[in-house]
Amino acid sequence: MKKTAIILGATGLTGGDLLKKLIEDNRYSNIKLFSRSKIEGLPAKVSQYIGDLLDLEQFKSQFTANEVYCCIGTTKAKTPNKDTYKQIDYGIPVAAAKLSKVNNINTFLVVSALGANANSTVFYNKTKGEMERDVLKQNIKNTFIFRPSLIGGHRKEHRTLEKIGLAVFKVVQPLFIGGLKKYKITASEDIAQAMINVANSTSVADVIINSSAIKKISKNT
């Protein structure tokens, strides 16, 4: 039987790559997108629900699927207000997990970040860590948390400082050996493919999937 997948964050880098892959994947007959803006030119297998993601409860009756892929995330530059930032990076994934639990969705996959720690004194790491903690509290049977390092890929929006950072990172990456491998740039396409592979596997035991594992899992096609 073919499956239905929900994507949160399909207008972003990783979510966009995930959408492309799921459209091409014959195991999926329906892809549901929940977002603030519509994506034009998508095939009939994609259904779009447009609204305020800070109020996911409004989509309760439509929020049904076999799997939920949560690729929500903002940046300090786009969202300088910490309260708004937390509403997005913490609030949306946790609300999605709660809806998944209520609607008996047994597979929930979410993109977090390397360094996520609910006890961290760094706001970004703390927010991601608290998100992970409260997603796991929902006790969804198949919950997987992906912790990439700096995410690389082609973004639609112009982010000058981020491009500079990625360029510098690429230069020094050959020096990342041993325990430093996890800090290498994680390609958005690899994250997307790893998420799909994990969702369709019965052999992945780890709930937390770090950047070094993401690369390996993405190649298991």
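FYI, it's all coordinate maths here, none of it is from the lab. Keep in mind that this is a model prediction, so the values were computed, not measured. Heads up, the Cβs are rebuilt from the backbone with ideal geometry, glycines too, and the neighbour counts pull from every protein chain shown.
Listed values, structure above:
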{"read-out": "Lysine pairs with alpha-carbon atoms under 23 Å apart, region 8-122, spacing 8 or more or separate chains", "value": "21"}
{"read-out": "Cut-off 13 Å between beta-carbons: net charge of the residues surrounding residue 30, Lys and Arg +1, Asp and Glu -1", "value": "+3"}
{"read-out": "Simple Cβ-charge dipole of the chain, Lys/Arg +1 and Asp/Glu -1, about Cα centre, in debye nearest 20", "value": "360"}
{"read-out": "Most positive-pole-ward Cα, 53, 185, 81, against dipole of the chain from beta carbon charges", "value": "185"}
{"read-out": "Fluctuation leader among 30, 142, 119 - the chain, Gaussian network, Cα springs under 10 angstrom", "value": "119"}
{"read-out": "Semi-axis lengths (Å, descending) of the ellipsoid that matches the C-alpha gyration tensor of region 1-156", "value": "24, 18, 15"}
{"read-out": "Hydrodynamic radius of region 88-138 per Kirkwood, over alpha carbon pairs, in Å", "value": "11.0"}
